[in-house]
Amino acid sequence: MNFRARILGAAAGGGLPQWNCGCNNCNLARLGKIPPQTQSSVAFTANGLDWAVLNASPDIRQQFVDCSDLHPTGLRELPLRSVLLTNGDIDHVAGLLTLREMQPFTIYATAGIHEVLDQNPIFAALNTSVVTRRTISLDQTVEIAPDLMAELFPVPGKVPLYLEGENVDTEMMGEQTVGVHLSTKGKDAFYIPGCATLNDDLRERLKGAGLVFFDGTLWQDEEMIQAGLGKKTGKRMGHMSMFGNDGSISAFTDLDVAKKVFVHMNNTNPVLRPDSQERRTAEAAGWIIGQDGMEIVP
Ligand code: MLT
Ligand code: MN
Ligand code: ZN
């Protein structure tokens, strides 16, 4: 079976350590006492040869260096077939600018996310005669690499931070924030790196799934405020937290998902410390804490 995923970056925007952050976790990562993590991205293959990268993080250059599956196979030949975007956030699109060296691949996204790219002329650096842009409608299935099918579905979320107006709907359902259902010959997996709440629609979709990568931004909603790092709750940022009555650990308990993997973890999240009580709690509930380089077979 060749269907597998590789976590290119397990951290949320900023990474671990974040360049300007002196929090406990970031300091420990700088000292080499906990593993550093790059920003949010996962690669999938269905045949073991051709890969799709889900989200293009600002760390994509290093991620390609570190992942032998994605190394060139010829002078200018790469196993990369496509990049699929789940929202227009900087940590998910900025890496596209690194991929501007006349390398053919396809960018898949909803019309709403393509529109965000189109509004920013800098993305024209990806010459459209070389890098194809394809729009996927919600609930339409497309082949994003040989034998690798992907279907996008709406997930509660908000517009990117840099497009926020005065009033922000943090649980908007539409084309701005999507999840991905990947499948090949009877096997499947879900990738949902940003999610404000697990509504009935999502619960129904994920019930009994073999593998789910899920938004692990914060351990608890007020984490950034308590750490003295900001004024926003996780909910305001469009992310549900792991812990608590309305957290993801509790929400997944009756969903019967075989493999659950947290990704997109903010550098304040205590689960990033291998010896933390929070890490033990999450693992005891059946969660895998995603790490850079980790290979996950559905
Ligand atoms: C998020 O996941 O909330 C965003 O990536 C935040 C950001 O754009 O800095
Ligand atoms: Mn993010
Ligand atoms: Zn930090």
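Projecting the Cα atoms of N167, A251, L54 onto the charge dipole of the chain, computed from C-beta unit charges around the Cα centre, puts L54 farthest toward the positive end.
For the chain, the Kirkwood estimate of hydrodynamic radius, built from reciprocal distances between every pair of different alpha carbons, is 19.1 Å. Considering helices alone, the calculated mean residue ellipticity of the chain at 222 nm is -4000 deg cm²/dmol, with DSSP H runs of length four and up weighted by -39500 (n - 2.57) and normalised per residue. Projected label points at N47 and S137, each 7 Å from Cα along the beta carbon direction, are separated by 2.8 nanometres.
Starting from the stretch 229-296, pick out the trypsin sites (Lys or Arg not before Pro) whose DSSP state is loop and whose Cβ has at most 11 other Cβ atoms within 10 Å. Walk me through the numbers on the way to the answer.
On the way: sites: K231, K232, K235, R236, K259, K260, R279, R280; in loops: K231, K232, K235, R236.
Of the trypsin sites (Lys or Arg not before Pro), the ones in loops of the stretch 229-296 whose Cβ has at most 11 other Cβ atoms within 10 Å are K231.
What pairs from K185/K207; K158/K187; K231/K260; K207/K231; K33/K187 go past 27 Å between their alpha carbons?
Working: K185/K207 19 Å; K158/K187 30 Å; K231/K260 30 Å; K207/K231 34 Å; K33/K187 37 Å.
Listed pairs above 27 Å: K158/K187; K231/K260; K207/K231; K33/K187.
For the stretch 4-296, the share of DSSP beta bridges that are antiparallel, to the nearest 5, is 55%. Per residue, the accessible area of the chain comes to 42 Å², computed with a 1.4 Å probe over protein heavy atoms only.
At 10 °C and a viscosity of 1.306 mPa s, what translational diffusion coefficient does Stokes-Einstein give for the stretch 184-298, taking Rh as the Kirkwood radius over Cα pairs? Give it in µm²/s as a whole number. D = 110 µm²/s. Under a point spin-label approximation (7 Å from Cα along Cα-to-Cβ), what is the M102-A124 distance to one decimal in nm? Once both label points are built, they end up 2.0 nm from each other.
Would you work out the charge dipole size for the chain about its Cα centre, treating the Cβ of every Lys and Arg as +1 and the Cβ of every Asp and Glu as -1, and quote it to the nearest 20 debye? Each step should come with its number before you reach the end.
On the way: 25 positive and 35 negative charges, 143 e Å.
My answer is approximately 680 debye.
Distance from the C-alpha centroid of the stretch 158-206 to that of the stretch 25-102: 20 Å, rounded to the whole angstrom.
The values are calculated or read from the model by the stated rules, or taken from the named source; none is laboratory data. On a predicted model such as this, the values are computed, not experimentally measured, just so you know. When we count neighbours, we look across all protein chains shown, and the Cβ atoms used for this are built from the backbone with ideal geometry, even at glycine. Ligands, DNA and RNA are excluded from the accessible area calculation, which covers all protein heavy atoms including side chains. Shrake-Rupley method; radii C 1.70, N 1.55, O 1.52, S 1.80 Å.
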